[in-house]
Protein chains: 2
Amino acid sequence: MSKVIFEKLLILGVGLIGGSLAMAAKQAGAVGEVRGWGRRQSSLDEALALGVIEQAETDLERALEGVDCVVIATPTQFAAQLMVDVVQRVPASVVVTDVASVKGNIAAALTKQFGQVPANVVLGHPIAGSEQSGVAAASADLFVGQRVILAAQEQTAPAALQAIESLWRATGADLHAMSAEFHDQVLGMTSHLPHLLAYALVAYLSDQPSSSDIFALTGGGFRDFTRIAGSDPRMWREISVANDKALLEAISGFEKQLAELKKNITDSNGPALEALFAQAKAARDQHMG
Amino acid sequence: MSKVIFEKLLILGVGLIGGSLAMAAKQAGAVGEVRGWGRRQSSLDEALALGVIEQAETDLERALEGVDCVVIATPTQFAAQLMVDVVQRVPASVVVTDVASVKGNIAAALTKQFGQVPANVVLGHPIAGSEQSGVAAASADLFVGQRVILAAQEQTAPAALQAIESLWRATGADLHAMSAEFHDQVLGMTSHLPHLLAYALVAYLSDQPSSSDIFALTGGGFRDFTRIAGSDPRMWREISVANDKALLEAISGFEKQLAELKKNITDSNGPALEALFAQAKAARDQHMG
C-alpha cells in the first residue's frame, strides 16, 4: 500500500488523461482528496457522478486554494498559459506538473515569465493511447505499463521530482527521464512527424479527381498506415504549432531521406533501394520485433 | 458447381499467390489439372506434397506443353521477361495472365516485343495480403472477398478475358477492371508510396545517434504506421523500379502536400493546418470508416 503523496490533488481538465490519473492515484492510496477544475460545469458534474473527482470548481483561484499538487491536463493549446497562471498563484511549496504532448513551449513560457522553469514545476508527458477521449473513458488502469516521460531541469526541487515520480509509479507507469528538448525532438520524430505524414498522404489522395475509386482499392497496409490520420485535427494543429521547431527539423530530415529514395528510383538503382529498405526493416525488426 | 474453365492450368512460380490460386480453382472445379513450374525442384516437391499442384516441371518448354492457361506468379522482377518468353512459345489459343504488383512494365515489354499486348494476354493483380509467403502458406480461401484487378486492353480477346474473370470469380474474389496505367497510378499512391514513406521514416530514425532511445519511446501509432516497413526489401526494390514513373509522380505530389504543411507550421498557421488535417480525417472516415 502506497503512502499518501499529496493530501489534496487538483486536476485542471478532467478528461481521459486527467481523470485516469486521478482514479489511479486515488485507487493506489497515493492521494487524499481529488479536486477537479474545468471551464464547463457539465463536464465536472460528469466527473463527480463517475466518482473520478470529489470536488469540482470552475473558478481557478478557488480551485487552487489549499491544494499541494496541481496537474495541468487540459488540451495542449491551453497548457503553457495555464501553467504560467497557476505558478503565479500558488506558493512554491505546491508541486505543479502537466501531461501535455509538447514540453519545450511550456518550458519557454515559464522561462519567459520567471527567468527559468521554477523549482516546483515538473514537466511530464504520459504516452498513452489517444483513440478515446473524455472523462467517461477514464480508467484507473490506463497507465499500467505505459511510458511516462518526466523532463526535470537542473533547478527542479528534488522533493518535487520525487513526489511526481511516486505519483506516476502509483499508477503503474514506466518512467523515463529526459530533457524537454530531447522529448520534443523524439516525439517530433516518432509521433508528430508520422501524424503529419499520414494526414498529408490521405489529403493528397483525397485531392485526386478519382479519389473514391482510389480509396476503394486500398488494403490493410494502407488502413494501418493511415490510422493516425483519424486523430483529432484540433489537437494535432495545436501540437504541430507548439512543437514547430523540432517538427520542422524532423520533416527536413525525412525529406532528405525521401529525396534519396527518389533519386535511386530515378536512377533505377535497385541495390541502393534494397539497402535502404533492408536497413529500415532490420531496425524495425530489432526494436519492435 | 462451376464448370471447368481450363483443362490444364500452368502456374509459373508456385508460392503463396500462385499456390492459393491453384488450390482455389481446383477446389471450385474450375480447372482440370494443375501443373507447376519453378526454378527449384525442392519448391515444386513441396507444392506436390501439399497437393497444391499435380505435376511439376523445371523446364519451361516442357511445362508449357498442352496447357490452355498460364499464370505467371513469380516475383515481380521476373514477370515481364517471363511473360514475353511464354507468349513467344504458346499458341494464341492459350490464355496467359499474371499476378504481378505492377502492370505497366509488363505491358511495355509485350508491346516492345509484339507491337501491342497480345489478344490472349490478360494482365491481372490480386491485392492480397503479403505478410506471409511461400507455398506452405497457400490457401484455397486466400482470395475470398479480396480485390483482383484485371487490366484488359481494347484488343484483348473477349473469350480470354471472360475465362480469366471466371477463374478469379471461382476463387471468391471481387473483380475490378481498369487500365494498366490507372492500376499503376492507384497502386503507386495507395500501396507503393506508403511503403516508401514507412521505409524512409524508419531509416531516418535508425540514422539518429540515439536511435535505440528513440525507438524505445514509440507507441502503437508508430507501430501501425511502420508495419509495412517490415515488408520484403527485395520485393519492394523490384516494385519501386518496375513502377518508377507512377511512383515518382506520387512522391512529387506527396512532397508538395508536405511542403504546404511545412509552410503552415513555419507560419504558425493553425487554421490552415487544422483544415488540412480535418480534410484528411473526413476522407478517411468517409472511405474507410
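The values are calculated or read from the model by the stated rules, or taken from the named source; none is laboratory data. These numbers were taken from a predicted model, which means no experiment stands behind them. Here Cβ is always computed from backbone atoms with ideal geometry, including for glycine, and neighbour counts include all displayed protein chains.
Checking A:Leu110 against (1) touching a Pro at 6+ places or on another chain (Cβ under 7 Å); (2) under 17 Å from A:Phe6 (Cβ atoms), which single condition isn't satisfied? With respect to (1) touching a Pro at 6+ places or on another chain (Cβ under 7 Å); (2) under 17 Å from A:Phe6 (Cβ atoms), A:Leu110 is out only on (2).
For the stretch A:215-225, the set of residues classified as part of a helix (DSSP H, G or I) and within 7 Å of chain B (Cβ to nearest Cβ) consists of A:Phe215, A:Gly220, A:Gly221, A:Phe222, A:Arg223, A:Asp224, A:Phe225, listed by residue number. Here B:Leu161 meets the list (1) assigned by TED's automatic domain parsing to the domain that holds B:Gly219; (2) touching a strand residue (DSSP E or B) at 6+ places or on another chain (Cβ under 6 Å) almost entirely, failing just condition (1).
For the stretch B:251-274, a residue qualifies if it is within 8 Å of chain A (Cβ to nearest Cβ) and either touching a strand residue (DSSP E or B) at 6+ places or on another chain (Cβ under 7 Å) or aliphatic (A, V, I, L, M) (or both), and the qualifying residues are B:Ile251, B:Leu258, B:Leu261, B:Ile265, B:Leu273. Residues that are within 11 Å of chain B (Cβ to nearest Cβ), in contact (Cβ under 8 Å) with a residue 12 or more places away in the chain and among the charged types (D, E, K, R) within the stretch A:168-214 comprise just one, A:Asp174.
For (1) touching a helix residue (DSSP H, G or I) at 6+ places or on another chain (Cβ under 9 Å); (2) closer than 23 Å to A:Gln185 by Cα; (3) modelled with pLDDT under 95, each residue gets a yes or a no:
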site: B:Asp224; (1), (2), (3): yes, yes, yes
site: B:Asn243; (1), (2), (3): yes, no, no
site: B:Glu249; (1), (2), (3): yes, no, no
site: B:Leu258; (1), (2), (3): yes, yes, no
site: B:Asn264; (1), (2), (3): yes, yes, no
site: B:Gln279; (1), (2), (3): yes, no, no
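The stretch B:80-197 holds strands (runs of 3 or more DSSP E) entirely within its bounds, and those carrying 2 or more residues that are within 30 Å of A:Ala198 (Cβ to Cβ) map to B:121-127, B:147-151, B:174-177. Among the residues of the stretch B:88-105, the ones that are within 13 Å of the chain's Cα centre (by Cα) and either over 29 Å from B:Arg147 (Cβ atoms) or of a type in the set (Val, Ile, Thr) (or both) come to 3 in all.
Only one of these is surrounded by fewer than 19 Cβ atoms within 10 Å (Cβ to Cβ) and among the hydroxyl-bearing types (Ser, Thr, Tyr): B:Ser101, B:Ser20, B:Ser93. Name it. Just a single option satisfies the conditions, and that option is B:Ser93.
For the residues B:Leu82, B:Leu64, the requirement of being over 21 Å from B:Thr171 (Cβ atoms), in contact with a strand residue (DSSP E or B) (Cβ under 6 Å, 6 or more places away or on another chain) and not assigned by TED's automatic domain parsing to the domain that holds B:Ile239 singles out B:Leu82.
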